[in-house]
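Undergrad: Before I ask anything, here is the structure I am working with.
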Amino acid sequence: LPCLSLPSSMHLIQVDSVQRWMEDLKLMTDCECMCILQSKPISMDKDEQNELILSSQYSTCDHLQLLLKRAWIISTELTRIAQKLEKSRWQRVHSMTVRVNCHVRSMVNEYNTFTRSSSEEMRQLEKLLIDKCSEFTTFTERCLQTEDKEMLKSMKSCVNETLTTVAQYFGQLIELVLAHEAQNLLRQIELSGSVYVTDSAISSLFSLAQEGAHLCRIIAKEGGVAALFKICRQDFFRCLYPQTLRTLASICCVEEGMHQLEKVDGILCLADILTDNSHSEATHAEAAAVIAQITSPHLTFTQHLSSFLENMEEIVTALVKLCQEASSGEVFLLASAALANITFFDTMACEILLQLDAMKILLAACSDKHMVDTPYSRDQVVTILANMSVLDQCASEIIQGNGVQLLMEMLFEKSSSGNPAEVAACERVQQKSAVTLARLSRDPEVADAAIKLSCIPLLIKLCRSPTERNNSDSVLVACLAALRRLAVMSPDGLEDSDFQQLVKPRLVDSFLLCTNMEESFV
């Protein structure tokens, strides 16, 4: 959510707009009344019992979620004030400034009720922010009462400066508060000898990490990765390994998390967990999820991969075993995703997979609809097959495992729900299936098997029918490449018009012809 000085620390779960409104409504109280009532104590004799009841109603996680919601509202309001100010809508600017003033005071008081150990720096920032908000409200009220347009024009730049300062103080305060809360949770994790307390702290830390990359950076900078790996090295906390590893996978989506993982020999710890048969399947699956995260081909930072290579054979062997023995589709998905990512950055991984008969295991899993039950799982499998297909020895494995038939079925992967993420996964499955067929068809035996299974007409259909390929240009390019490879082996398998349009021209010309082709609905 882009907003002034606090762009990335707010993350909203996509929910129904009415539901979001209902949740926010309780925070949108009458601002002017709240501004007056906010700092007034209910009890004249500082009765701490009232405070205790208030603070014990919610857990740490609940309080942090409330803080983040309140911060998101303030952040949104500040952005809207900037927009209204640009249009010189002074009435709206003032009313929204009053509302921000209210929310800031509410947020500060709620947080101080919840926490008992705010730092001097935090208290100073709170005072600066509240004072600046009050000044902001007074300033906009003066603008509202001024009718002189020239005067308003000169005051507008001052209002803009005040708004920027409010946003700056607000961003700094939120950053400080979140760092403080991360420190408190990590202190609990490091010092507590109780499974219950540690579990609660890790759950709260996981919830924080789900709020976005900015919070993951804060947790990593405060030593979160080191603290969590320390848990994963203590047998006393074995029952917490799955939750701890899940939290690590979230934090390691950012570069700071990766650096911390490298410093504490995290990859060696993950390898030990994966190769230890005494651990539960859930623990192995979550360790595989961390491996999948840190080996993601989308990451731009790869310094940690040097130590990964040292443990790669052990890790790959354990992941193949996990795929083979997986009790559910979810476990298979995590293990195969980790393997798929590993095959991207080192061809040695593909050679290890070949030696472990991984091709046979993966192809067998694909015939089990309970194991490979979604386009996401098939995406991982076909990614591994595509990356392994660069090795000449893969051809015989594919034929023995009925892999050509499987790849042809994957060419027509369709989404059952129409969900955009699922449709995108289907496109990837189609594209990688065609790429794998094209690569493997350099082997005459594979090409012959594909031709006998009528692969050429299927590829022609995908090229000529946009809906069959989910309207994807990348699928079209891959299908044209596979078709041309098979056409070399069997030129008689094509109609003359197909040869003239799809094979003979340059690839780019065939591509343009197919993308401009209109489907007939007659």
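Undergrad: For segment 105-125, indicate whether the set of residues that are touching a residue at least 24 places away in the same chain (Cβ under 8 Å) and farther than 17 Å from Glu181 by Cβ is non-empty.
TA: Looking for residues that are touching a residue at least 24 places away in the same chain (Cβ under 8 Å) and farther than 17 Å from Glu181 by Cβ, one finds at least one in segment 105-125, hence yes.
Undergrad: Tell me, please, whether a residue that is part of a helix (DSSP H, G or I), closer than 12 Å to Leu240 by Cβ, at pLDDT 90 or above and aliphatic (A, V, I, L, M) can be found in segment 177-194.
TA: There is at least one residue in segment 177-194 that is part of a helix (DSSP H, G or I), closer than 12 Å to Leu240 by Cβ, at pLDDT 90 or above and aliphatic (A, V, I, L, M).
Undergrad: If Asn471 satisfies all but one of (1) without any contact (Cβ under 8 Å) to a residue 12 or more places away in the chain; (2) over 35 Å from the mean Cα position of the chain (by Cα); (3) farther than 26 Å from Ser396 by Cα, what's the number of the condition it fails?
TA: (2)
Undergrad: Sticking with this structure for a sec: Please identify the pairs in which a residue from segment 220-238 that is under 19 Å from Glu256 (Cα atoms) has its Cβ atom under 9 Å from the Cβ atom of a residue that is part of a loop (DSSP other than H, G, I, E, B) and at pLDDT below 95, counting only partners at least 6 apart or on another chain.
TA: Ala220/Cys252; Ala220/Val254; Val225/Cys252; Val225/Val264; Ala226/Val264; Phe229/Val264; Phe229/Asp265; Lys230/Val264
Undergrad: Further question on the same structure: For segment 390-412, which residues satisfy the criterion of being without any contact (Cβ under 8 Å) to a residue 60 or more places away in the chain, outside any helix (DSSP H, G or I) and surrounded by 18 or more Cβ atoms within 10 Å (Cβ to Cβ)?
TA: Gly401
Undergrad: Tell me yes or no: at least one residue of segment 265-286 is in contact (Cβ under 8 Å) with a residue 24 or more places away in the chain, among the small types (Gly, Ala, Ser), in a loop (DSSP other than H, G, I, E, B) and closer than 24 Å to Gln324 by Cβ.
TA: Yes - at least one qualifying residue is present in segment 265-286.
Undergrad: When you go through Ser307, Ser367, Ser296, Ser328 one by one, which is the residue that is surrounded by fewer than 24 Cβ atoms within 10 Å (Cβ to Cβ) and over 30 Å from Val404 (Cα atoms)?
TA: Ser307
Undergrad: Do you know which residues across segment 421-474 are crowded, with 16+ Cβ neighbours inside 10 Å and in a loop (DSSP other than H, G, I, E, B)?
TA: Answer for segment 421-474, where residues must be crowded, with 16+ Cβ neighbours inside 10 Å and in a loop (DSSP other than H, G, I, E, B): Ser441, Asp443, Pro466, Glu468, Arg469, Asn470, Ser472.
Undergrad: Given the options Glu147, Glu121, name the one that is farther than 30 Å from Phe236 by Cα, in a loop (DSSP other than H, G, I, E, B) and open to solvent by 60 Å² or more (accessible area, probe 1.4 Å).
TA: When all the criteria are applied, what remains is Glu147.
Undergrad: Just checking, which of Thr138, Thr165 is assigned to a helix (DSSP H, G or I) and under 40 Å from the mean Cα position of the chain (by Cα)?
TA: Thr165
Undergrad: Still on this structure: Considering only residues that are open to solvent by 30 Å² or more (accessible area, probe 1.4 Å) and closer than 19 Å to Asp131 by Cβ, which ones fall in segment 150-174?
TA: Matches in segment 150-174: Cys158, Asn160, Glu161, Thr164, Thr165, Gln168, Tyr169, Gln172.
Undergrad: Restricting to helices (runs of 4 or more DSSP H) lying wholly in segment 301-374: which have 2 or more residues that are more than 18 Å from Ala287 (Cβ to Cβ) and touching a residue at least 40 places away in the same chain (Cβ under 8 Å)?
TA: Hits in segment 301-374: 329-345, 347-355, 358-366.
Undergrad: Okay, moving on. Given the residues Ala201, Ala182, which is the only one that is open to solvent by less than 30 Å² (accessible area, probe 1.4 Å) and in contact with a Gly (Cβ under 7 Å, 6 or more places away or on another chain)?
TA: Ala182
Undergrad: Surrounded by fewer than 18 Cβ atoms within 10 Å (Cβ to Cβ), within 22 Å of the chain's Cα centre (by Cα) and either under 30 Å from Ala71 (Cβ atoms) or not acidic (Asp, Glu) (or both) - does that describe any residue in segment 252-263?
TA: Checking segment 252-263: at least one residue is surrounded by fewer than 18 Cβ atoms within 10 Å (Cβ to Cβ), within 22 Å of the chain's Cα centre (by Cα) and either under 30 Å from Ala71 (Cβ atoms) or not acidic (Asp, Glu) (or both).
Undergrad: Pick out the one residue from Ala226, Ala220, Ala201 that is under 28 Å from Leu274 (Cα atoms) and within 18 Å of the chain's Cα centre (by Cα).
TA: Ala220
Undergrad: Which one is farthest from Ala447 (Cα to Cα), of the residues in segment 469-522 that are modelled with pLDDT under 85 and among the hydroxyl-bearing types (Ser, Thr, Tyr)?
TA: Ser520
Undergrad: All but one of (1) farther than 11 Å from Val177 by Cβ; (2) among the aliphatic types (A, V, I, L, M); (3) surrounded by fewer than 21 Cβ atoms within 10 Å (Cβ to Cβ); (4) under 32 Å from the mean Cα position of the chain (by Cα) hold for Val98, so report the exception by its number.
TA: (4)
The values are calculated or read from the model by the stated rules, or taken from the named source; none is laboratory data. Bear in mind that the values here come from a model prediction, so they are computed numbers and not experimental data. So basically every Cβ, Gly included, is an ideal-geometry build from the backbone, and we count neighbours across all protein chains shown. Calculation scope for accessible area: heavy atoms of the full protein, side chains included, ligands and nucleic acids excluded. Shrake-Rupley method; radii C 1.70, N 1.55, O 1.52, S 1.80 Å.
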